[in-house]
Amino acid sequence: MRKFVTVTVTATATLAAASLLLSGCISSSGTGDETGVQGASTEALVVYNAQHEKLTEEWVKEFTAQTGIDVVLRNGGDSELSNQLVAEGDASRADVFLTENSLAMSLVEKAGLLSPVDPATLALVPTQYRPASGMWTGIAARSTVFVYNPDLLAESELPTSILDLQDPRWKSNWGGAPAGADFQAIVSAILETQGTEATTAWLTGMKNNATIYRNNIATMKAVNAGEVAGGIIYHYYWFRDSASGGENSGNTKLHYFGEQDPGAFVSISGGGVLKSSDNSDKAQQFLAFLAGVSGQTILGEGYSFEYPVGGDVPAKDPLPSLDSLNAPIIDPSTLNAPEILDLMTQVGLL
Amino acid sequence: MTPPPSRALLIIVVVLAIGMLVPVGYVIEATARIGIDELATLLLRPRVGELLGNTALILVLGVPITVVLGVGSAWVVERTDLPGRRFFAVLSVAPLAIPAFVSSYGWASVIPSIQGLGGGLLVATLAYYPLVYLPALATLRGLNPSLEESARSLGLKEGAILFRVVIPQLRLAILGGGLIVALHLLAEYGAFAFIRFDTFTTAIVVAYQSTFAGPSAASLGIVLALLSVIVLGVEATARGRARYAYVGSSSARPAQLVTLGKFTPLAILALVAVATLATVVPMASVIRWSLATKPEMLDGLWRALIDTSLLSLGGAIGAIVVALPVAWLATRHPSRLSRVLEGGYSIASSLPAIIVALALVTVTLNVAPGLYQTAATVTAAYVIIFLPRALVTLRAGLAQVPESLEEAARALGTPPLLARMRVTTPLLFPAIAAAGALVALGAANELTATLLLAPTGTRTLATQFWSAASSIDYPGAAPYAISLVLLSVPAVALLFAQTRGKKP
């Protein structure tokens with residue numbers, strides 16, 4: 001009898017301990033040795049991060065070293081996190097939202113979830129790299145490019161505009177990743193500059209002509225392998241791969257559309273402070289750091305190859321300067337995520 | 001006449017059933033919320049037609065192929081005099097140890113242009129044929145050979161005996177295995193996404209990533225749920241009134257082995273070819289890439305191992321806690337009510353993992369925000385998805401524990417509950433352990449639901465593998481692939497031992 005009781009009590013205790021351990025461990029697992037979101041004290045800043053993790057971790061490390069403020073990251077994709085913020089509403093625990101593209105940020109802005117950014121921070125970033133509304137700021141930029149395989153496509157055959165790609169002669173000759181937020185941002189630039197009808201026509205052309213890949217890297221790799229002649233991606237994937245040996249880009253070249261063509265769209269990565277934040281001072285400090293010289297230098301000199309936008313920090317060699325790219329001038333707040341998704345769903349790309 | 005179940009037991013089972021039916025509830029609620037008009041707009045478009053076509057094709061083509069491979073392997077291994085039979089018996093189960101998404105990553109690195117229906121069929125049939133092979137093997141071992149002997153004595157050739165006598169007796173195994181393969185094909189995400197074969201499940205994940213748990217994702221989910229119900233219906237109709245035996249019976253005497261004679265090299269070649277394609281090609285890829293792995297790529301591995309172990313342990317404990325009452329009810333107090341309740345548990349588990357994940361996201365966001373994106377939600381998902389494994393194992397274990405022992409204890413004066421705990425429960429420990437192991441190992445490989453539900457900063461082996469493979473970082477993904485395969489081996493060994501008739 002005693003043995004039975006002992007065994008039962010031990011078993012129950014073990015199970016209880018295991019479940020406590022389980023919930024404790026999971027809730028306190030964050031990036032590195034930082035405390036997780038549930039266990040976060042009010043001092044730690046909660047950042048919903050849709051930018052590349054490695055870059056943001058570099059930023060966070062330097063920020064914490066400079067200011068002593070702890071930062072906790074929730075990593076995810078542009079669309080996922082922006083939709084999550086909208087769904088969470090006022091109950092969100094996020095203090096800062098960082099995106100790769102402006103589409104996700106303008107979705108959150110339109111839902112009325114952002115606080116205005118400190119004017120001092122806004123002054124650090126030139127006007128073409130932030131929205132007129134002042135509700136968020138640009139922290140980095142990336143350019144649309146057409147990556148192509150010179151063995152399959154001669155220079156004279158290159159498209160002069162991204163709109164050319166809907167022509168029948170481009171059938172099975174180019175690829176893209178419509179499921180990703182990156183590509184959706186590029187489509188939103190087409191919508192903003194050409195209007196709904198033209199965009200629907202272009203998307204239909206894409207549905208007929210393009211090979212669909214899961215993301216930018218898969219597209220670039222396919223072009224490199226000669227599976228498809230060209231593809232629409234963002235510039236930095238090419239430069240990053242090139243700098244680390246060119247395994248997925250060695251057989252390819254980049255073509256910039258320029259001429260203020262929608263294909264020269266420069267997408268702004270955004271940073272914003274959430275209205276629901278309890279830590280808005282620290283949040284504003286973080287944004288100021290990102291847009292200022294320290295943050296932009298980390299971006300400009302680091303592994304990322306994205307374009308710095310503030311603090312007069314130059315882009316890393318061998319990137320062509322942002323001004324020379326002749327991007328179309330678009331206020332990033334005006335980009336319309338839900339309409340893009342509707343159009344792409346209608347056409348059958350999503 | 002079995003005694004009626006206690007009220008407490010019934011209440012527990014019903015309450016748990018309600019929890020298990022959350023995914024079904026979500027599908028119904030989403031249909032009502034979105035409304036028929038908008039559903040029609042969302043669904044009656046060419047893209048959905050494409051998805052439907054792809055999904056239907058992979059089912060209609062994939063299931064028969066797996067049946068042929070599975071039954072063929074089982075027959076050759078069990079009923080012929082093939083040299084090295086026992087080696088091939090084990091080899092034929094090996095593909096189960098490699099998760100389908102690892103297999104597709106392996107194939108994509110060998111043939112980068114693999115894609116579409118052909119690619120999907122190749123990867124999926126090779127990954128899933130063991131799911132037909134195992135039940136076919138178990139049934140073959142248990143068949144009474146007298147029917148075959150009569151046929152032989154009446155002059156039928158071996159080939160005719162195979163098709164006219166043996167295979168009809170395998171009907172239940174084929175239907176059961178085929179059903180499981182069909183449900184896996186419907187639910188598969190990683191393998192198909194990697195090689196760009198679009199099905200409903202891959203489209204739902206894409207819709208989720210772009211629009212969160214909005215009407216777009218939900219509408220596709222409704223169709224997927226309908227397809228699952230149709231598959232279940234087809235199987236139930238084909239099965240008729242026959243029931244699957246939970247406890248295998250052994251045959252009176254071993255069957256006479258068929259002499260392969262001049263077909264021996266052909267048979268060996270066929271088995272080796274299938275095994276090579278299913279196991280060797282993916283694993284060789286994984287190992288090749290792991291040789292290129294740099295030490296810094298192993299950074300997250302330890303953390304992922306811990307998180308994976310904790311989450312799957314939680315899932316295992318949860319699944320046992322949920323499965324025990326209904327297993328008890330079904331075994332000790334079988335009745336129409338217990339069958340209905342058991343059926344309720346099974347329906348939710350037949351729904352693809354993506355639906356379970358979508359349901360839990362929606363429910364937690366709207367009803368219990370504190371639980372949203374926590375370990376509890378992931379654990380709940382694992383419990384719902386993997387319950388059948390626990391249920392089947394526990395039922396088999398319970399069926400083997402005679403009630404008379406407990407009755408004897410009660411007759412000797414022990415209070416009923418104490419008798420149950422002291423006598424029956426210890427005898428159940430092996431079944432409980434086996435059930436826990438199967439659930440935990442399934443949960444460790446789970447990708448789809450974990451992608452949607454994992455809390456911030458929690459990385460499992462599967463999600464880390466997926467994020468590396470998606471960035472075409474093959475060497476970075478390889479260590480995770482190897483860990484996943486190593487983790488699966490014990491579960492496969494367990495399944496194989498169960499098939500062989502050994503006690504779990």
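Please treat every number below as a calculation from the coordinates, not as lab data. Keep in mind that this is a model prediction, so the values were computed, not measured. Here Cβ is always computed from backbone atoms with ideal geometry, including for glycine, and neighbour counts include all displayed protein chains.
With the convex hull built on the Cα atoms of chain A, state its orientation-averaged projected area in nm².
On the way: hull surface 86.8 nm².
Value for chain A: 21.7 nm².
Give the relative contact order (percent, whole number) for chain B; include only Cα pairs under 8 Å separated by 6+ residues.
Values: 666 pairs, mean separation 112.4, N = 504.
Relative contact order comes out at 22 percent.
Restricting the calculation to Cα atoms, the protein assembly as shown shows an Rg/Rh of 1.00 when the hydrodynamic-style radius is the Kirkwood one. In chain B, the DSSP-assigned H stretches of four residues or longer account for a calculated mean residue ellipticity at 222 nm of -24000 deg cm²/dmol, using -39500 (n - 2.57) per stretch and the full residue count as denominator.
Listing A:R130, A:R240, B:R164 from fewest to most neighbouring C-beta atoms within 10 Å gives B:R164, A:R240, A:R130.
Take the Cβ atoms of B:A238 and B:A40, set R0 to 35 Å, and the FRET efficiency comes out at 0.65. Taken about its Cα centre, chain A carries a charge dipole of about 1060 debye when Lys and Arg each add +1 at the Cβ and Asp and Glu each add -1 at the Cβ. Apply the a/c threshold of 1.5 to the C-alpha gyration tensor of the range B:368-504 and tell me whether it is rounded, prolate or oblate. Verdict is oblate for the range B:368-504. Let me know the shape class of the range A:273-350, please: from the alpha-carbon gyration tensor, a ≥ b ≥ c as square roots of the eigenvalues, rounded when a/c is under 1.5, otherwise prolate if a/b is greater than b/c, or oblate. Here the range A:273-350 falls in the oblate category. Take each residue in B:370-377, count the other chain C-beta atoms within 10 Å of its C-beta, and the mean is 4.
For chain A, the mean residue ellipticity at 222 nm estimated from helices alone is -13000 deg cm²/dmol, where every DSSP H run of n ≥ 4 contributes -39500 (n - 2.57) and the total is divided by all residues, rounded to the nearest 500.
Shielding value for B:40-47 is 2, the average number of Cβ atoms from other chains within 10 Å of each residue's Cβ.
Hey, got a sec? Which trypsin sites (Lys or Arg not before Pro) in the range B:427-504 land in a DSSP loop and have at most 15 other Cβ atoms within 10 Å?
Numbers: sites: B:R459, B:R500, B:K502; in loops: B:R459, B:R500, B:K502.
Listed in order of number, the matching sites are B:R500, B:K502.
Please state, as a whole number in µm²/s, the translational diffusion coefficient that the Stokes-Einstein equation yields for the range A:131-280 at 4 °C and 1.567 mPa s, with Rh defined as the Kirkwood radius across alpha carbon pairs. Intermediate values should be presented prior to the final figure.
Working: Rh = 16.2 Å.
So the translational diffusion coefficient is about 80 µm²/s.
For the range B:135-269, the square roots of the Cα gyration tensor eigenvalues, ordered a ≥ b ≥ c, give a/c of at least 1.5 with a/b greater than b/c, which places it in the prolate category.
Pull out the extension gain between A:S161 and A:N251, defined as 0.36 nm times the separation in residues minus the alpha carbon to alpha carbon distance; nm, one decimal. Each step should come with its number before you reach the end.
On the way: separation 90, 0.36 × 90 = 32.40 nm, distance 2.26 nm.
Answer, rounded to one decimal: 30.1 nm.
Rg and Dmax of the range B:312-447, both derived from C-alpha coordinates alone, stand at 16.8, 53 Å. Taking the inverse of the mean 1/r over every pair of distinct Cα atoms in the range B:76-176 gives a Kirkwood hydrodynamic radius of 15.8 Å.
Mean-square fluctuation check for chain A, GNM, Cα pairs under 10 Å: which of A:E58, A:E339, A:E157 is largest? Among A:E58, A:E339, A:E157, the largest GNM mean-square fluctuation belongs to A:E157.
Basic side chains Lys and Arg get +1 at the Cβ, acidic Asp and Glu get -1 at the Cβ, and with that the dipole of the range B:148-217 about its Cα centre reaches some 140 debye.
Per residue of A:212-220, other chain Cβ atoms within 10 Å of the residue Cβ number 3 on average. Annotation: peptides B:398-408, B:443-453, ranked by per-residue average of other Cβ atoms within 10 Å with the highest first, follow the order B:443-453, B:398-408.
Summary value for chain A: 24 percent relative contact order, contacts being C-alpha pairs under 8 angstrom separated by 6+ residues.
Place a +1 charge on the Cβ of each Lys and Arg in chain B and a -1 charge on the Cβ of each Asp and Glu, then give the dipole magnitude about the Cα centre in debye, rounded to the nearest 20. Write down the numbers at each step before the final one.
Working: 33 positive and 21 negative charges, 270 e Å.
That gives a dipole near 1300 debye.
In summary, the helical segments of chain A meeting the span-like criteria, namely a full DSSP H run, a Cα extent along the axis of 24 angstrom or more and a mean Kyte-Doolittle hydropathy of at least 0.0, are A:2-27.
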